[in-house]
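Single-structure report; data block below.
The values are calculated or read from the model by the stated rules, or taken from the named source; none is laboratory data. Just so we're clear, the structure is a prediction, and the values are computed from it rather than from any experiment. All Cβ positions, glycine included, derive from the backbone under ideal geometry; neighbour counts span all protein chains shown.
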There are 2 protein chains.
Amino acid sequence: MAIKALVLYDFTAEPGNNELTIKEGEMVTITNQNIGGGWIEARNSQGETGLVPEEYIEVRNVDPGSGRFTQSDFDPFAYTAASRTSNNQMSNGNDPWSPQNTVNEQDSRLSGSAARQSYARNSWTVVEHPQAYQGPGAVDDDEWDDEWDDLNSPGPGSAEPEVEETGGSNKAEAQAASKKINLNKFPSFSRSGPEVFLLANLPPRGKDKISVCMGEVGPVWLYPSLQMDCVVADPKKGSKMYGLKSYIEYQVTPSTTNRPVNHRYKHFDWLYERLLEKFGSVIPIPSLPDKQVTGRFEEEFIKLRMERLQGWMTRMCRHPIVSDSEVLQLFLTYKDEKEWKSGKRRAEKDETVGVMTFSLIEPEAPELAVTEVEQKCESFSRFTKAMDDRVKELLTVGHDHWKRCTGPLPKQYQKIGKAFQNLSTVFNSSRYQGEETLTNALTATGKMYEEIANIVSEQPKKDMHFLVELNNEYKSLLGCFPDTINVHKAAIEKVKDSDKLVATNKINPQDKHTMAKRLSNMSYSLQAEMNHFHSNRIHDYNRVMQLYLTEQVKFYEMAAGLLLL
Amino acid sequence: MAIKALVLYDFTAEPGNNELTIKEGEMVTITNQNIGGGWIEARNSQGETGLVPEEYIEVRNVDPGSGRFTQSDFDPFAYTAASRTSNNQMSNGNDPWSPQNTVNEQDSRLSGSAARQSYARNSWTVVEHPQAYQGPGAVDDDEWDDEWDDLNSPGPGSAEPEVEETGGSNKAEAQAASKKINLNKFPSFSRSGPEVFLLANLPPRGKDKISVCMGEVGPVWLYPSLQMDCVVADPKKGSKMYGLKSYIEYQVTPSTTNRPVNHRYKHFDWLYERLLEKFGSVIPIPSLPDKQVTGRFEEEFIKLRMERLQGWMTRMCRHPIVSDSEVLQLFLTYKDEKEWKSGKRRAEKDETVGVMTFSLIEPEAPELAVTEVEQKCESFSRFTKAMDDRVKELLTVGHDHWKRCTGPLPKQYQKIGKAFQNLSTVFNSSRYQGEETLTNALTATGKMYEEIANIVSEQPKKDMHFLVELNNEYKSLLGCFPDTINVHKAAIEKVKDSDKLVATNKINPQDKHTMAKRLSNMSYSLQAEMNHFHSNRIHDYNRVMQLYLTEQVKFYEMAAGLLLL
């Protein structure tokens, strides 16, 4: 008997995240409860399987023998299929760009994307490890890496009982409580949102700071003299709990120390959570590469995940503010387990997170008029929304082309090749003299077409792949802008209201000035971030387009060369 | 009210002939009765339209206003779609290669292909011009060329009342009567077939002869010292009946005289009928390019028909026996209307037609053992059958590829091009400095992809077209072999039976010797024809493959060149 669950709320799958769209009142079958992070893998009545938020469903019955992974589902390029489906869904009302995510929106029901954001932010706190459901089957489940389990339910041999250490669980509880508000009332950022910063008593200045300076293009981040970089390489299978649990560990080598450190996916995820919590309001922090439920040890998947982790780390290292942060430095340069653990604890206790991060901004520029702030913000919003649309369009076209290039097109070339060879075979049977030149040429042409079929189907991996990967990265990055921009919009609204607030004695004129000054700071940071975004975007697209065109030219030249032989 | 008709017999459409498969008992709508040649255009209940043999259906009601052509159906490449459908049908029991077409087959029901052959042979005699159905609409129908009407129902201004001239109609009636036997009892070739020749009193030798000599590869036709050729060009619209009827006239210029003569499609068809009647048992005479019902004056169609008439004429001119025949010479070199008409009458009166044409063979070689004759015949049968299969395979793949290259593939390249250009437009709106190089490159790439879309969709016309045309020609040619080979098989059976015939006093030993000698003659001619076929085949496929590959290489080089710009 399988584990069944009732869907309590609608949830719309996010593109490329192996998620499953579910509707309130629907029954689903739990196929894996061991995902962690507040996610559960479920199968709907149409047989589609994907992740759903744990809290959106209610388990009805339990089969201790189920919940095993199937390898047949493995598709390292599944993101393309998923992104295509959900591009359509996105335009049907689950658009993170839609006004429903602004602070004025009173609808307390979570949109799929808001829930997802909340989940992402909360995933490290709301983890419940459903050990009870694992059943006897779990003991030989060591082929799979349950990347979450050791975080909250350390086995007897676990070397990392981090959360349970002194202070850790209290902190986690406190954060979980504050996060619950976000989770259930996400659009009401206004309560815990920019206002808090606009009039808050700022915490005492630590050594952390976010420096904006004036560049040729306007406000820019203060870039370090040497750009940090890192290499993610050498994935190795490790195991713990006497070999019962296994996982993949990546070697991460920063250019600053050139000394490798080892990290598992869950460590990257921990870093992502910290960066999101700390910088999410100021800087769009793109999510990590997809959670992958099945086939986690497939070589191709590991390679793809590593490539994506590399892309994500490169983006983080390239960002002057993020790369300068204590938490990223810890992640890249910790010397031993002790330093790692104490660093983790310190990072988790950081109070200057969320909108309070704006307090770290050090602008050297004069106060801006609120209308100018608003215009800039609107213009960034328009640009990122428009780019998001175009990136999704390119991903859809890219996916279609990929499918054609790996499916029908090479099949057709194979058929052409086969048809020439078959004709050659018949001709050869004529026993007519002087036939050989023709039959040899026909056979050779047939074989060339089979070769062209191969190069056609291999081609997307050489060019379209990088175009698709970059656009997926940008899709993820652009998906963070609405939240970041909404923080600014909320602050702008507050500042625009400040005259009224003064008139009604809710704030005094000094408060009004503070709010305007702080809004300017926010605006400088947003402009700096946009300028950073633009310069990276130009660099990234230049690079990938050059690569794409070079490989396309190679492809056509190779085909011509083959036929000329 | 439309003209309805009841289908009396099953009829299976021949690939690429605009024919319609009909089932006994089905009701169809007559869409055009003015096709001629024993064909009628009809539409079935699924809305599919095509030609059906006139005698297979029974008209039930008549609407004098209907029967007009619609131009929207015009598709000069319709042969590809048709050939694909009927390739499948061919394998489902309507295969002209199936044993049901041999003389031993007693089934008096006509197979689609046998009926077609008969129709083709009879088309000039069974024409009935359904003037009564044309109605008032016909008067402004002069845009269309009714290529048959003036043959049997000359209008007041007609300059060609050929059939009605003295002797013409009697001859036509006599032939129609004798043809009726063929039509209804086609498989019973044994009565009017090879036996007639094996023991016939041969007609007195005229100047016509078919010379076989021994070449390096075995028996070969006697080739003329100078191969004749001709050019079909300069299609011109002509009209008659005070402009009520119009038609297309082609200029045909033989290499021998270099003096052009004018011919309409119906003249080519007349020539085809004569050649089929005279040589059909000895030499496969491929049918003319498709009858085309609608849009006969579309420029592209006229160009395509001219190209196909050229291909057909070239094949006829290249054939030493056909090119030497009085009727082809008449067609190519008549000096005036008078010579043309008297030549036509003479050709129509020719008695040495059908199997009697074997009597014109002049072999210089010794008598062959019947087993050897049989082996050769079997081996030719196998080869032509196998080649027919492979040619159809190539046509199917070619058609699929054509469809992809003119449909989804360029659409996809256009979409890619559009996506790049759209991204460029958004990027351009950033107003970030240093954007131009990227946006210009993206726009250029987008335009290149639109250009690639164009060259992809134009490509099949440059290469696949010739491959498809050649294979269509060969499909038509190969489709004639079963009948030719069956004549030989029937003769072989008779000769193998000759001992028994002698024993039962049905023939005398001298007859037996005559039969064997004449079978040898037949075999020499078949071998000569096969050798002619092989040498032409090698030449044709070499030429078309070279062209195909050259154009494919050009295509890939052009694409690479575009992207390199």
* **Answer from B:ARG259, B:ARG264, B:ARG274 - the residue that is closer than 30 Å to B:CYS377 by Cα and not hydrophobic (A, V, I, L, M, F, W, C)** => B:ARG274
* Scan the stretch B:428-441 and give yes if some residue there is under 21 Å from A:VAL553 (Cβ atoms) and among the aliphatic types (A, V, I, L, M), otherwise no. => yes
* Read through the list (1) surrounded by fewer than 19 Cβ atoms within 10 Å (Cβ to Cβ); (2) more than 22 Å from B:THR550 (Cα to Cα), then give the number of the only condition that B:THR484 fails. => (1)
* To do: For the stretch A:338-377, name all the residues that are more than 22 Å from A:ILE283 (Cβ to Cβ), of a type in the set (Asp, Glu) and either in contact (Cβ under 8 Å) with a residue 12 or more places away in the chain or in contact with a Leu (Cβ under 6 Å, 6 or more places away or on another chain) (or both).
  => A:GLU367
* **Odd one out for A:GLN310, checked against (1) at pLDDT 95 or above; (2) polar (S, T, N, Q); (3) closer than 18 Å to A:VAL487 by Cβ** => (3)
* Structure fact -> Counting only residues that are buried (at least 17 other Cβ atoms within 10 Å of the Cβ) and either within 12 Å of another protein chain (Cβ to nearest Cβ) or charged (D, E, K, R) (or both), the stretch B:513-523 contains a total of 1
* Asked: Would you pick out the residues in the stretch B:406-421 that are assigned to a helix (DSSP H, G or I) and surrounded by fewer than 19 Cβ atoms within 10 Å (Cβ to Cβ)?
  -> B:THR406, B:PRO408, B:LYS411, B:LYS418
* Asked: Scanning for something surrounded by fewer than 16 Cβ atoms within 10 Å (Cβ to Cβ), among the hydroxyl-bearing types (Ser, Thr, Tyr), within 12 Å of another protein chain (Cβ to nearest Cβ) and outside any helix (DSSP H, G or I), does the stretch B:427-440 turn up at least one residue?
  -> yes
* **Residues that are out of contact with any strand residue (DSSP E or B) (no Cβ under 6 Å at 6 or more places or on another chain) and of a type in the set (Ser, Thr, Tyr), drawn from the stretch B:210-246** => B:TYR223, B:SER225, B:TYR242
* Asked: List pairs: first in the stretch B:247-260 and under 17 Å from B:ASP324 (Cα atoms), second charged (D, E, K, R), Cβ under 8 Å, 6+ apart or cross-chain?
  -> B:THR253/B:ARG259; B:PRO254/B:ASP229; B:SER255/B:ASP229
* **Selection within the stretch A:370-423 - within 28 Å of the chain's Cα centre (by Cα) and within 7 Å of chain B (Cβ to nearest Cβ)** => A:PHE383, A:ALA386, A:MET387, A:ARG390, A:GLU393, A:LEU394, A:VAL397, A:ASP400, A:HIS401, A:ARG404
* Structure fact -> Picked from the stretch A:524-565 (must be more than 8 Å from chain B (Cβ to nearest Cβ) and of a type in the set (S, T, N, Q)), the residue surrounded by the fewest Cβ atoms within 10 Å (Cβ to Cβ) is A:GLN546
* Asked: From the list B:SER225, B:SER255, B:SER239, B:SER246, which one is more than 19 Å from the chain's Cα centre (by Cα), buried (at least 18 other Cβ atoms within 10 Å of the Cβ) and among the hydroxyl-bearing types (Ser, Thr, Tyr)?
  -> B:SER246
* Name every residue in the stretch A:441-470 that is facing chain B (nearest Cβ under 7 Å) and surrounded by fewer than 20 Cβ atoms within 10 Å (Cβ to Cβ), in order of residue number. => A:ALA441
* So which residues in the stretch A:319-343 are of a type in the set (D, E, K, R) and closer than 19 Å to A:VAL231 by Cβ? -> A:LYS335
